[in-house]
1. With the condition kept exactly as written, say whether any residue in region 60-77 is under 19 Å from Pro306 (Cβ atoms), out of contact with any helix residue (DSSP H, G or I) (no Cβ under 6 Å at 6 or more places or on another chain) and either buried (at least 19 other Cβ atoms within 10 Å of the Cβ) or not assigned by TED's automatic domain parsing to the domain that holds Glu269 (or both).
2. With respect to Arg116, is the statement that it is out of contact with any Gly (no Cβ under 6 Å at 6 or more places or on another chain) and modelled with pLDDT of 95 or more true?
3. Residues that are assigned by TED's automatic domain parsing to the domain that holds Gly305 and under 22 Å from His30 (Cα atoms): find the helices (runs of 4 or more DSSP H) completely inside region 125-190 holding 3 or more of those.
4. Could you tell me how many of the residues in region 191-216 are of a type in the set (D, E, K, R) and part of a helix (DSSP H, G or I)?
5. Regarding region 117-126, can at least one residue be identified that is under 25 Å from Val219 (Cα atoms), touching a Lys or Arg at 6+ places or on another chain (Cβ under 9 Å) and of a type in the set (S, T, N, Q)?
6. Of everything in region 193-248, what is of a type in the set (S, T, N, Q), surrounded by fewer than 19 Cβ atoms within 10 Å (Cβ to Cβ) and under 21 Å from Glu85 (Cα atoms)? Give them in sequence order.
7. Out of (1) closer than 19 Å to Leu99 by Cα; (2) hydrophobic (A, V, I, L, M, F, W, C); (3) in contact with a helix residue (DSSP H, G or I) (Cβ under 8 Å, 6 or more places away or on another chain); (4) surrounded by fewer than 18 Cβ atoms within 10 Å (Cβ to Cβ), what's the single condition that is false for Val265?
8. Of the residues Ser279, Ser275, only one is exposed (fewer than 15 other Cβ atoms within 10 Å of the Cβ) and of a type outside the set (A, V, I, L, M, F, W, C); which?
Amino acid sequence: MIVPERYSAMEDTFATGYTGAAMIANLHLHSRFSDGTSWPEDIALDAARSGLDAVALTDHDTMAGTERFLETCRHLGLDATPGCELDINEPELHYKSELLAYFPGMHGNWKEELPRTARVLEAALERRFRRIRFFIENARSVFSGKKLSFEDLFTDKTGLPYDEQLACSISWSKVDLFLYLKARKCIDADASYKYFKRRYFGEGVFQKFRFEKPDALTVIESVHGDGGFVVLPHLGHLWNDDLHAMQHDAQEVRHILSWFRERGVDGIELYWYNSERKSGRINEYLRTMAEPMGYFFTYGSDCHGPGSDKHTISLFKGKFTGFPSR
């Protein structure tokens, strides 16, 4: 494990970094085990070709692709950290987003080495599995002339014959349903995901599914109990990636950062906000606020792979000196 280096507010922008031992890193990547378009092995190869040294697979609510990813990264000489992105609902903050979890000490089977986190993930996977089947039944009623099934959705997503064990390890999302309905020509090919959510969920075309998520403290305690680190991702999203809105609402930004830090969140993600200029400005603003609170910083582009609107693995990276020593 690389020992972290302390740095000032001006040293660590997303395209430049420390003068000490550092790795070119992108620690926020998604595979087909959640809402990405590539398998873990292909992501590792893409990372190596993009000149990265350090990577992390951070699928939503699952680590099912972790061992495949780690093995390929070892073969390619990449420094890979086991990780995941956990969906949370924190009512005290009205925060309905995610927390990133990283486990640099994990080497083998995540279910055995991370029992506390595994319980949280397995509960989330089960809920996601029930929800996607519920939505498929909705879709069968709405698009009665189409032959829709969960098994067909599985094959559409994976390119494989139906496999129950693999199906239960995938973190199914509304994105999967959206792409499947596009492929089956139930919705227009040029329809956006934003439109799809508004039309079919916001306007009540599909029935609602009660989807409970853990609160922040449940996730933080579980990850820390397994020796991991918790990172707050893409905070700018709460202000629609608008720096001026964040500056205008600086007291709330500071409150959220303080709240998460007091409850044990370890790091802040410096993120790709769709352009170099915007990313640099938002990241510098957040880092200037967060560093005095004792946070460390990671880098992530939230890459979802080729064919998605977030194929960002080569667009964003930073010089990362590693996770803090406990």
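The values are calculated or read from the model by the stated rules, or taken from the named source; none is laboratory data. Given the structure is predicted, the values throughout are model-derived calculations rather than measurements. Here the Cβ positions follow ideal geometry from the backbone for every residue, glycine too, while neighbour counts run over all protein chains shown.
1. Yes, region 60-77 has at least one match.
2. Numbers: out of contact with any Gly (no Cβ under 6 Å at 6 or more places or on another chain): no; modelled with pLDDT of 95 or more: yes.
When the stated conditions are applied, Arg116 does not pass them.
3. By residue number, no helices (runs of 4 or more DSSP H) qualify.
4. The initial filter retains those residues of region 191-216 that are of a type in the set (D, E, K, R), namely 194, 197-199, 203, 208, 210, 212-213, 215.
Checking which are part of a helix (DSSP H, G or I) leaves us with 194, 197-199.
Total meeting the criteria: 4.
5. Taking region 117-126 as the starting set, the residues that turn out to be under 25 Å from Val219 (Cα atoms) are 117-126.
Pick out the ones that are also touching a Lys or Arg at 6+ places or on another chain (Cβ under 9 Å) and you get 118, 121-122, 124.
From the residues that got through so far, the ones that are of a type in the set (S, T, N, Q) too are none.
For region 117-126, residues under 25 Å from Val219 (Cα atoms), touching a Lys or Arg at 6+ places or on another chain (Cβ under 9 Å) and of a type in the set (S, T, N, Q): absent.
6. Here is the first cut: in region 193-248, the residues of a type in the set (S, T, N, Q) are 207, 218, 222, 240, 247.
Those still in the list that are surrounded by fewer than 19 Cβ atoms within 10 Å (Cβ to Cβ) too: 207, 218, 240, 247.
Of everything in region 193-248, those that are of a type in the set (S, T, N, Q), surrounded by fewer than 19 Cβ atoms within 10 Å (Cβ to Cβ) and under 21 Å from Glu85 (Cα atoms) turn out to be Thr218, Asn240.
7. Of the numbered conditions (1) closer than 19 Å to Leu99 by Cα; (2) hydrophobic (A, V, I, L, M, F, W, C); (3) in contact with a helix residue (DSSP H, G or I) (Cβ under 8 Å, 6 or more places away or on another chain); (4) surrounded by fewer than 18 Cβ atoms within 10 Å (Cβ to Cβ), the odd one out for Val265 is (4).
8. On the way: Ser279 fails: exposed (fewer than 15 other Cβ atoms within 10 Å of the Cβ).
The unique qualifying residue is Ser275.
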